[in-house]
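In what follows, a structure is listed as structure tokens, so that the remarks can point back to it.
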Amino acid sequence: MNLAWLLLFLPFAASLANQLVLKKTGLAPLVSVASALATFILAVMLLGTQGSAAFHWASIGDFHLDIGLQLDTLSTGMMLVVTGIGLPVHVFSLAYMKDDDGKARYFTGLSLFMFSMTGIVLADNFIMTFIFWELVGFSSYLLIGHWYRKPSAADAAKKAFITNRIGDFGFMIGILMLWGITGQLSFDKMKPGLEAFQCANPTIWVGVLSATVLCIFCGAVGKSAQVPLHVWLPDAMEGPTPVSALIHAATMVAAGVYMLFRVQFTLGCEVFQQLPASDVIAWTGGITALLAALMATQQDDIKRVLAYSTLSQLGYMVMAVGFVAGDAGMFHLFTHAWFKALLFLGSGAVIFACHHQQNIWQMGGLMKTMPLTTLTFAAGCAALIAVPGTSGFFSKELILDAAYQAGSPLFWVGAFVAVLTPFYMTRLFVVAFLGKPRSDHAAHAREVGPLMLVPLAVLALLAISSGYSFLNRFAPALPHHAGEFHFNLVAGVSMAALVIGVVAGWRLYAGKDHDPICIPLLRERFKFDWFYDTILIRYFQDLLASIIHFFDEFLINGLLVGGLSRSAEGFGNLFRRVQSGSLQGYAFVFGLGVILVIYFTVFI
Amino acid sequence: MATLNDYLLVSGLLFAIGLAGVVLRRNIIVVFMCLELMLSAANLTLVAFSRFHPSHGLPDYNGQMLVFFVITVAAAEVAVGLAIIVALFRARQTIHTDDLTSMRG
């Protein structure tokens, strides 16, 4: 267990050292990379071990809070994903952020993020999860706003933080409700309390538990960017690209799915299945997958396409959890982490080579100038669009299969998303990498250096192969038959979807210099941002703000604070008359007083 | 032969004059003199009582002794008070109490 504590606190120590001591020395990147390497080795060593350790943190009456670590297949597998993505991203960042002034700050943020993410994964109780949940939100805020002088980056950081706060509020309520139901906060001690609650309240437990799960799901909606709180993730692309790869594609956004699966695991699948909440979760995931895939088809920014694709894949995972096939969701999380990190790092290499040009219509022809990057990117694309034989194929298959088994219409939604995914990825690939260069930056792009290529190559290998059983047994959770292939209706639908998507994308976009189709609704992202900005913020929030302002200004400031100060001032003014400063006045009053005293003592 | 009441009457009159002077007069030196007048009134009372309450055929000397103390302290007070008035005059060029209201709240 000592190794686990080391795994948790090593990145924290690295970020502390970077922030307090090494900020000016230029050693900060190396310290962070070393810490990432060490945590990766530790994660590999801990793989598959079981155990738990806790120390007592705080007591309030009968309420005890522990800080504890839990090692099981789920957490150690997830740690492998986190550190396994973290290491290439750290190495890639060395090259990507080479000329950045805030390099030390950036690597401090990365290490802080690694610490927080490790905390979520290894936590053995909900309070600790919540603490680290907030910490990842904070480090994500720091890293999105890395280029804080750019107003759009600062706004995006704020937006991500505030949107997450909305979800976290529900999460906190959910945690408290679960504590109220079971009387426990640790994951592995909840089951008896839950059973007692079920026996004691046979009629209402379904409703109460559903409400609880939905509140907890709010947290996942925020962190895993599900509709309607998904708006922060595309904007979070303002951060440096390696950060997008690590936080906004592979690990942090997957934390929501991980936590949901943890809850499902804790409550028990058969309990979870009976809750109406599971349908809500499945539909939220399905709708997110669909809307995000539609939006992705009309984005011009290479990172935004990938961001919407991430949303859509996260929707798949959440849907799987909703179908009580969380293990399929976790398997997809495992494979998705590798190939989406690869795609983001690949886009980072392209952006780096094109002098921070992110518009795909300004790229083109990169296959000739950057063949190796193109090759790895193609591998990532293949895995994402679920080409048979790649990792994404196996995991997406299992999710669709779960939807099919459930007999839900969401299966067809998922199948349609499986058409859209190859469509937009083909569009992206064809426009950015094939054809002729459409700008000087693209024409003069050069292949990136080994510090970027090696992480890309490693991730490309994993993206292709992580579905097979020699690698997928390290996954946090694994359904039966993972990595095997049986031809059935689901597989047929998914392969047909792949072919339709690729052919449509190729026919529409090959050799084009501008977008042949333009759907304003999709370009404006279903007007979600417009809705939030004009309706929610202007009418709702501003109305609320003006009411609060009224209370603040008139009740608090005018009556309470101002009233107190005014009454003190009034009394003061009254009494200052007494303090006239005239000697004879005092003498006169003094004389009067003496006479009064004599009167009282002598005559009464 | 004057009785104790006569003395006390004079003494009360003196005290009243002194108090009236302290309260009403504006010149600080006059105020000061009236203060002395009040002390003298008190002294007169003490001496009168000492004279009219003999013990073992002798006046009660305790009262007279107290008068000496009062006179001594009054002398010291005059020394300090006049010094303060001189310093005050030097600082403010006035000894009119209506002008000395810098302690006004």
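Laboratory data are not the source of any read-out in this text; all were calculated from the coordinates shown. What you are looking at is a predicted structure, and each value in this text was computed from that prediction instead of being measured. Here Cβ is always computed from backbone atoms with ideal geometry, including for glycine, and neighbour counts include all displayed protein chains.
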* Of the peptides A:576-589, A:227-240, how do they stack up when ordered by the mean number of other Cβ atoms within 10 Å, highest first? -> A:227-240, A:576-589
* Asked: Using alpha-carbon positions, what is the distance between the centroids of region B:39-84 and region A:1-70, in Å?
  -> 89 Å
* Across the residues of A:66-72, average count of Cβ atoms on other protein chains within 10 Å? -> 0
* Got a sec to turn the phi values of region A:215-231 into Karplus ³J(HN,Hα) couplings, 6.51 cos²θ - 1.76 cosθ + 1.60 with θ = phi - 60°, whole Hz, x for Gly and Pro? -> 4, 5, 4, 3, x, 5, 4, x, 6, 8, 6, 8, 4, x, 9, 7, 4
* **Sequence-distant aspartates and glutamates (8 or more away, or on other chains) whose Cα lies within less than 13 Å of residue A:191** => A:270
* Structure fact -> Here region A:35-52 yields Karplus 3J(HN,Hα) values (6.51, -1.76, 1.60; θ = phi - 60°; whole Hz; Gly and Pro given as x) of 5, 5, 4, 4, 5, 5, 4, 4, 5, 5, 5, 7, 3, x, 6, 10, x, 8
* Asked: Given H placed 1.01 Å from N in the peptide plane, which residues other than close sequence neighbours of residue A:229 have an amide H under 5 Å from its amide H?
  -> none
* **Rounded tilt (10° steps) of A:302-322 against the dominant C-alpha axis of chain A** => 80 degrees
* **Alpha-carbon radius of gyration plus Dmax, which is the widest Cα pair, for chain A in Å** => 29.6, 118
* Asked: Under 5 Å between amide H atoms, partner at least 5 residues away or on a different chain: which partners does residue A:52 have, H built in plane at 1.01 Å?
  -> A:71
* Kindly write out, for region A:432-447 in residue order, the coupling ³J(HN,Hα) from the Karplus curve 6.51 cos²θ - 1.76 cosθ + 1.60 (θ = phi - 60°), rounded to whole Hz, with x marking Gly and Pro. => 7, 10, 9, x, 9, x, 10, 8, 4, 4, 5, 5, 9, 5, 10, 4
* To do: Could you pull out every one of the lysines with an alpha carbon less than 21 Å from that of residue A:23, ignoring same-chain neighbours closer than 8 positions?
  => A:98, A:103
* Counting only other chains, what is the mean number of Cβ atoms within 10 angstrom of the Cβ of each residue in peptide B:15-22? -> 2
* Structure fact -> Long-range amide H partners of residue A:57, meaning residues 5 or more apart or on another chain whose placed amide H is closer than 5 Å, are A:65, A:66, A:67
* Helix-derived [θ] at 222 nm for chain B: sum -39500 (n - 2.57) over DSSP H runs of at least 4, divide by residue count, nearest 500? -> -26500 deg cm²/dmol
* **Exercise: per-residue mean of other protein chain Cβ atoms within 10 Å, A:2-10** => 0
* Compute the distance in nm between two label points, each set 7 Å from the Cα along the Cα-to-Cβ direction, one at residue A:552 and one at residue A:6. => 5.0 nm
* Mean projected area in nm² (Cα convex hull; one quarter of hull surface) for region A:450-604 -> 30.3 nm²
* Structure fact -> Yeah, region B:4-99 with a ≥ b ≥ c from its alpha-carbon gyration tensor (a/c under 1.5 is rounded, else prolate when a/b outruns b/c, oblate otherwise) is oblate
* Assigned charges on the beta-carbon of Lys, Arg, Asp, Glu; the protein assembly as shown dipole about Cα centre (debye) -> 1420 debye
* Asked: Which of the pairs A:159/A:436; A:24/A:150; A:223/A:303; A:158/A:189; A:368/A:512 have their Cα atoms more than 26 Å apart in this structure?
  -> A:159/A:436; A:158/A:189
* Mind ordering B:79-85, A:470-476 by average Cβ neighbours within 10 Å, highest first? -> A:470-476, B:79-85
* Using packing as a proxy for protection, rank A:210-221, A:188-199 so that the peptide with the highest average count of other Cβ atoms within 10 Å comes first. => A:210-221, A:188-199
* Roughly how many debye, to the nearest 20, is the charge dipole of chain B about its Cα centre, given +1 on each Lys and Arg Cβ, -1 on each Asp and Glu Cβ, and no other charges? -> 320 debye
